[in-house]
């Protein structure tokens with residue numbers, strides 16, 4: 001029985017029972033007072049607060065000292081049933097004056113009020129743990145004060161609260177994270193202890209660590225192949241055990257086994273379990289640590305949340321959410337980083353066929369597709385180009401942010417896809433969008449002078465494997481080479497399409513739905529080297545992982561940390577990459593010279609700066625004039641036809657090319 005339950009007042013007694021109890025209690029109180037008077041003096045008429053304070057103080061000083069034994073008869077047991085002996089003595093002390101006054105027949109008219117106030121003050125005057133109640137529920141606590149003040153466990157962290165299984169909030173997030181770290185550390189220690197118990201101690205001369213996991217031999221692998229492979233649960237267990245060994249290789253690796261052997265076996269198991277080809281498995285595995293790579297592959301097996309974007313040209317997000325809730329849709333805002341996104345959990349109606357969808361109030365759009373437009377940050381009355389816009393999610397978002405002002409060129413090289421693009425533009429009520437069908441590499445010649453350009457480049461799709469599992473087996477090294485060449489051409493064309501003198505813009509946003517370095521950082525670094533008047537700027541996105549400044553043997557620009565990466569296992573959205581460029585007005589001499597140095601470095605050629613002048617010898621002047629003239633003709637595209645006999649001076653034979 002708890003403390004509150006014991007002190008809880010029961011049902012009131014009847015009038016007859018009350019009179020009988022009063023008569024019996026009065027006689028027993030007098031007898032008890034006479035017995036107590038032999039040992040203690042009668043209490044003085046002083047303020048009860050002082051007597052009570054002294055009592056509490058003495059009890060606090062004694063700590064857990066044994067209470068005095070007090071004789072309590074059956075009647076008092078009935079009256080104070082369930083209260084411990086030391087508690088009864090204490091209550092008798094603070095109520096003794098009231099009983100004496102009643103016995104003397106001269107009660108204090110304010111005694112009841114004083115006692116009521118005192119009792120309230122007594123319970124609220126200090127912490128509850130100062131009251132030494134003897135309760136069975138507290139029997140297991142060595143020190144109640146330490147427990148209530150907040151104990152600390154061995155590593156110095158706070159004790160977990162009772163809401164450990166409750167929802168994660170900003171207040172308990174850090175505590176829960178520490179608890180998970182401690183749990184993981186305990187599990188790792190238990191794994192090591194189990195391995196030690198299973199294998200026994202090893203000699204120091206043998207080297208190696210504890211044989212936590214044994215790699216399969218060539219014979220074992222051959223038997224597995226003949227049997228059609230391991231069952232999925234056993235294969236998954238081997239992947240997890242191998243990953244634990246690689247995480248702490250020095251301690252858990254078996255004797256005579258190298259790290260490369262463990263990695264090779266892990267790659268084979270991942271490819272077999274998740275259904276990737278070996279090339280793509282290794283390419284994706286090298287992007288992460290061992291444990292994070294397993295999380296990435298696992299996240300690709302889970303579909304991403306369904307998200308929609310409210311069309312601010314036709315409605316507000318709050319009104320749209322209320323309308324969909326009334327139709328039986330369970331949703332919530334996608335996050336603080338977006339003021340138009342909604343995440344759908346359940347729907348009793350097809351989310352792509354509601355009256356609100358048909359009226360253009362929202363667009364079915366992945367959360368990751370919001371990011372390039374947020375980075376582009378279009379403003380009203382600008383000229384903007386979306387180089388690869390189908391099916392129109394980003395183009396219509398740009399139009400909504402511009403509030404149907406300015407002009408948006410929504411281009412796509414696939415003519416068949418422009419049909420869905422046009423349909424979405426009309427449905428969403430975008431009146432400033434022009435749909436066109438050109439190869440993106442033609443745009444500097446077709447039309448230029450844009451304030452901002454968005455290039456969501458064609459890519460391998462390694463960030464959207466959960467939507468398109470065919471990527472697991474269809475991509476090869478040749479595909480990445482071809483895509484890389486196309487992306488390099490497109491990003492240079494996007495930069496050249498910008499008006500560097502734009503007062504409000506001059507920005508290019510490059511994005512892909514891929515996580516590989518070849519399609520992201522390598523392309524961005526190529527653009528920075530080819531266009532010296534371009535620099536990376538902050539994307540304006542408040543979350544995400546910074547881009548790689550170096551990867552394996554490759555080193556990129558020091559500003560590559562301004563780019564952002566997004567992963568399915570970290571951000572619960574499609575894998576994505578976003579970079580933002582600022583195109584400045586070029587200074588011709590400096591930029592041309594720097595560009596020439598970059599090209600010469602790529603071709604392993606030596607370039608001597610400055611014109612071919614400075615020779616005063618007359619005998620060398622003819623040769624100098626000849627080579628300068630040939631250089632001018634070559635830059636104009638005129639090819640010089642070689643002849644067997646030397647042509648007269650100043651009249652070389654040429655043909656147009």
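The values are calculated or read from the model by the stated rules, or taken from the named source; none is laboratory data. These figures come from a predicted structure and were not determined experimentally. All Cβ positions, even for glycine, are placed from backbone atoms using ideal geometry, and neighbour counts span all protein chains on display.
Residues in the range 336-358 that are in contact with a helix residue (DSSP H, G or I) (Cβ under 8 Å, 6 or more places away or on another chain) and part of a loop (DSSP other than H, G, I, E, B) were compared, and the one that is nearest to residue 396 (Cα to Cα) is 340.
Residue 523 meets all of the listed conditions (1) in a loop (DSSP other than H, G, I, E, B); (2) within 27 Å of residue 571 (Cα to Cα); (3) touching a helix residue (DSSP H, G or I) at 6+ places or on another chain (Cβ under 7 Å) but one, namely (1). Return yes or no: is residue 548 without any contact (Cβ under 8 Å) to a residue 60 or more places away in the chain and either in contact with a strand residue (DSSP E or B) (Cβ under 6 Å, 6 or more places away or on another chain) or more than 17 Å from residue 368 (Cα to Cα) (or both)? Yes, satisfied. Annotation: of all residues in the range 466-524 being closer than 21 Å to residue 296 by Cα and free of Cβ contacts under 8 Å to residues at least 12 places away in the same chain, the one that is nearest to the chain's Cα centre (by Cα) is 468. Does residue 467 qualify as being surrounded by fewer than 16 Cβ atoms within 10 Å (Cβ to Cβ) and assigned to a loop (DSSP other than H, G, I, E, B)? Judged against the criteria, residue 467 is a match. For the range 247-264, the set of residues classified as crowded, with 18+ Cβ neighbours inside 10 Å and not in a loop (DSSP other than H, G, I, E, B) consists of 252, 262, listed by residue number. Residues that are in a strand (DSSP E or B), surrounded by 23 or more Cβ atoms within 10 Å (Cβ to Cβ), touching a residue at least 60 places away in the same chain (Cβ under 8 Å) and touching a helix residue (DSSP H, G or I) at 6+ places or on another chain (Cβ under 7 Å) are absent from the range 364-381 altogether. Assess whether residue 270 counts as being closer than 23 Å to residue 476 by Cα and surrounded by 13 or more Cβ atoms within 10 Å (Cβ to Cβ). When the stated conditions are applied, residue 270 passes them. If you scan the range 433-448, which residues turn out to be outside any helix (DSSP H, G or I) and over 9 Å from residue 412 (Cβ atoms)? Scanning the range 433-448 gives 433, 434, 439, 447, 448.
Evaluation of residue 342 against the conditions (1) farther than 29 Å from residue 441 by Cα; (2) modelled with pLDDT under 95 shows that the sole unmet condition is (2). In this entry, residue 331 passes the filter for residues that are in contact with a helix residue (DSSP H, G or I) (Cβ under 7 Å, 6 or more places away or on another chain) and free of Cβ contacts under 8 Å to residues at least 24 places away in the same chain. Count of the range 428-478 residues, restricted to those that are in contact with a strand residue (DSSP E or B) (Cβ under 7 Å, 6 or more places away or on another chain) and within 18 Å of residue 271 (Cα to Cα), is 1. The set of residues from the range 422-447 being within 19 Å of residue 494 (Cβ to Cβ) and either touching a helix residue (DSSP H, G or I) at 6+ places or on another chain (Cβ under 7 Å) or outside the structural domain of residue 384 (by TED's automatic domain parsing) (or both) comprises 433, 435, 437, 438, 440, 441, 443, 444. Out of curiosity, is residue 460 in contact with a helix residue (DSSP H, G or I) (Cβ under 8 Å, 6 or more places away or on another chain) and closer than 19 Å to residue 495 by Cα? For residue 460, the condition - in contact with a helix residue (DSSP H, G or I) (Cβ under 8 Å, 6 or more places away or on another chain) and closer than 19 Å to residue 495 by Cα - is not met.
Being under 19 Å from residue 366 (Cα atoms) and assigned to a helix (DSSP H, G or I) is a property that does not hold for residue 454.
In summary, residue 288 fulfils each of the numbered conditions (1) under 30 Å from residue 581 (Cβ atoms); (2) surrounded by fewer than 20 Cβ atoms within 10 Å (Cβ to Cβ); (3) touching a helix residue (DSSP H, G or I) at 6+ places or on another chain (Cβ under 7 Å); (4) in contact (Cβ under 8 Å) with a residue 12 or more places away in the chain with the single exception of condition (4).
If the condition is being in contact (Cβ under 8 Å) with a residue 12 or more places away in the chain, more than 23 Å from the chain's Cα centre (by Cα) and assigned to a loop (DSSP other than H, G, I, E, B), then the range 296-328 contributes 311, 312, 313, 314, 315, 327, 328.
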